C-alpha cells in the first residue's frame, strides 16, 4: 500500500486572539498570568499577537490556569454567511410574496425569513399558525397589517411585533402601490420539534 501524501493547508492557527480573550474574560493582566503560569510577560505578549507559538506544555499550562479546554482554541467558528440572492426560496403559503430562508437549514434554535411583499401581497386569506414558541416580525419597509381573530395590528417601517407562534394570524401589505419588506424570526425553527 502506498502512502498518500497530504500537503498542509498553510492555514496557520491563530491562537493569540483566543488566548487574549480568555485572559481578559478571567480578569487576568499579562503580569498576573505570567506569575500564575511561570511564563514571561514578554512571551505571553508575543503569543497573544501570534508572533510566536507556545509549546504544547505551555499551552496546556495556560489553559489549566484559565480553566479553558485546549480543544476550544482549535474549534472552527460556526459562523455561516447566507446571502439573500442565493438564499433558498421558500413558500409559507402567501400570495404576492417572495420569501428567502436567511438562516442555515441546519439551524434549529431559530429561523430567520426575509419577505418582500408586492402591493396587496398577503400571508393568505385564512388564519394560520407556525409550529414555534415565538414569532417576531420586523418591518424594514412599507406598511403591513397583522390580523388576529380578535384584533388587527398595523405596522410601519421600523416597527416590530412579537407574539406566540401558536396564535392564529395572517398579514397583508396594506399598500396598493408600494412593496413591503419584512423579517420574520421564528423561535425555535418550526421543523426542530422543540416548539
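Does the stretch 69-83 include one or more residues that are farther than 30 Å from residue 19 by Cβ and either free of Cβ contacts under 8 Å to residues at least 40 places away in the same chain or touching a helix residue (DSSP H, G or I) at 6+ places or on another chain (Cβ under 9 Å) (or both)?
Within the stretch 69-83, the first condition is being farther than 30 Å from residue 19 by Cβ, and the residues that meet it are 82-83.
Next, only the ones that are either free of Cβ contacts under 8 Å to residues at least 40 places away in the same chain or touching a helix residue (DSSP H, G or I) at 6+ places or on another chain (Cβ under 9 Å) (or both) stay: 82-83.
For the stretch 69-83, residues farther than 30 Å from residue 19 by Cβ and either free of Cβ contacts under 8 Å to residues at least 40 places away in the same chain or touching a helix residue (DSSP H, G or I) at 6+ places or on another chain (Cβ under 9 Å) (or both): present.
Filtering the stretch 48-68 to residues that are assigned to a loop (DSSP other than H, G, I, E, B) and out of contact with any helix residue (DSSP H, G or I) (no Cβ under 6 Å at 6 or more places or on another chain) leaves 51, 53, 55, 67.
Filtered by the rule that a residue be surrounded by 17 or more Cβ atoms within 10 Å (Cβ to Cβ) and under 21 Å from the mean Cα position of the chain (by Cα), the stretch 162-180 gives a lone residue, 165.
Residue by residue through the stretch 56-80, note down the ones that are more than 28 Å from the chain's Cα centre (by Cα) and exposed (fewer than 10 other Cβ atoms within 10 Å of the Cβ). Don't jump to the end; show me each part of the working.
Quick first cut of the stretch 56-80, residues more than 28 Å from the chain's Cα centre (by Cα) only: 56-62, 64-65.
Within the stretch 56-80, 56, 57 meet the criteria.
Restricting attention to the stretch 116-125, does a residue exist that is part of a loop (DSSP other than H, G, I, E, B) and surrounded by fewer than 19 Cβ atoms within 10 Å (Cβ to Cβ)? Checked against the condition, which is being part of a loop (DSSP other than H, G, I, E, B) and surrounded by fewer than 19 Cβ atoms within 10 Å (Cβ to Cβ), the stretch 116-125 yields at least one hit. Looking at 134, 110 in this structure, which one is farther than 12 Å from residue 172 by Cβ and at pLDDT 95 or above? Residue meeting the stated conditions: 134. When 49, 83, 24 are screened for being at pLDDT 90 or above, out of contact with any strand residue (DSSP E or B) (no Cβ under 9 Å at 6 or more places or on another chain), closer than 30 Å to residue 128 by Cα and exposed (fewer than 14 other Cβ atoms within 10 Å of the Cβ), only 83 passes.
Please state which one of 117, 160, 143 is under 17 Å from residue 178 (Cβ atoms) and without any contact (Cβ under 8 Å) to a residue 40 or more places away in the chain.
143
The values are calculated or read from the model by the stated rules, or taken from the named source; none is laboratory data. All of these numbers come straight from a predicted model, not from anything done at the bench. Cβ coordinates were reconstructed from backbone atoms using ideal geometry, including for glycine residues, and neighbour counts include every protein chain displayed.
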